[in-house]
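Undergrad: This structure is in structure tokens; I'll ask about it shortly.
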Amino acid sequence: MRRLALVLMVSLLVGSAACVKKQPAATPTPQPPPAPTTTPRPTPSTVTSNVPPPPPVIPPDPSISVTSDPLMAADIEKINKQSPFKPVLFAYDSDALDDVARSTMSANAEIMKKYGTWVITLEGHCDERGTAEYNLALGDRRALAVKNYMVSLGIAADRLKTVSYGSEFPFAPGHDEEAWKQNRRAHFMLTAK
């Protein structure tokens, strides 16, 4: 009987062990998602840029007023008719600047410095000799030579425009050396104030 009791007890233990529910494996507790890493937005004072700062604004000369200076009050057409600028003259078939041309441009540069908002168009002209194409190219070289020298005198390049008219608009109507001498020029025309 002991044997029977032992078998019974073992059966009960095995049966009861079979009825016991297995505990599920421990699941890890969920971790909160990591906090997003944000980089602070730059403030306008910390932003760096490759864009150069704007040029300084030069205030108008207080000694020049519309009432005290007739050129400030005049319209562009009137100023060009009574032009304060002198033309730069050139030798035949040349765009070289001589001493007289440099002196003329120095005086013209002083006017442009006085009227710091004026924009000038430098017109390149030729005498009637040569082909139209050649004279246009020569007129262009003359206007550029004057522009480059004016820039070297301190005039901002964006205040100087160039155009070539070749022999299309002669200053002097004659067909001799005296007329041709006046027609080989770079003419200063005010285009904006």
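Undergrad: What tally of residues in segment 79-104 results from selecting those that are of a type in the set (G, A, S) and assigned to a loop (DSSP other than H, G, I, E, B)?
TA: Adding up the residues that qualify gives 4.
Undergrad: Output the residue which, of all residues in segment 59-78 that are modelled with pLDDT of 80 or more and part of a loop (DSSP other than H, G, I, E, B), is surrounded by the most Cβ atoms within 10 Å (Cβ to Cβ).
TA: Step by step, filter segment 59-78, then rank; the result is A74.
Matching residues to (1) in a strand (DSSP E or B); (2) modelled with pLDDT of 95 or more:
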| residue | (1), (2) |
| --- | --- |
| M150 | no, yes |
| I155 | no, yes |
| D158 | no, yes |
| V163 | yes, yes |
| F171 | no, no |
| H175 | no, no |
| W180 | no, no |
| H187 | yes, yes |
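Undergrad: Select from segment 114-147 the residues that are closer than 29 Å to D69 by Cβ and outside any strand (DSSP E or B) and list them in ascending order.
TA: K114, Y115, G116, T117, W118, A143, V146, K147
Undergrad: From the list D127, D158, pick out the single residue that is under 19 Å from the mean Cα position of the chain (by Cα) and acidic (D, E). Steps first, please.
TA: Numbers: D127 fails: under 19 Å from the mean Cα position of the chain (by Cα).
Just one listed residue meets the conditions, D158.
Undergrad: Looking at segment 166-176, can you tell me whether even one residue there is under 24 Å from A73 (Cα atoms) and crowded, with 21+ Cβ neighbours inside 10 Å?
TA: Just the residues of segment 166-176 that are under 24 Å from A73 (Cα atoms), to begin with: none.
Within segment 166-176, none of the residues are under 24 Å from A73 (Cα atoms) and crowded, with 21+ Cβ neighbours inside 10 Å.
Undergrad: State all residues of segment 119-153 that are of a type outside the set (S, T, Y), farther than 17 Å from A179 by Cβ and touching a residue at least 60 places away in the same chain (Cβ under 8 Å); if no residue qualifies, say none.
TA: The answer is V119, I120, L122, E123, G124.
Undergrad: Could you give every pair whose Cβ atoms fall below 6 Å, whose first residue belongs to segment 174-193 and is under 17 Å from L97 (Cα atoms), and whose second residue is in a strand (DSSP E or B) and not hydroxyl-bearing (S, T, Y), counting only separations of at least 6 or pairs across chains?
TA: Listed pairs, sorted by first residue: N183/H125; R185/L89; R185/H125; A186/V88; A186/L122; A186/G124; H187/E123; F188/I120.
The values are calculated or read from the model by the stated rules, or taken from the named source; none is laboratory data. Keep in mind that what you see is a predicted model, and the values were worked out from it rather than measured. Cβ sites come from the backbone with ideal geometry, for glycine too, and all protein chains shown count toward neighbours.
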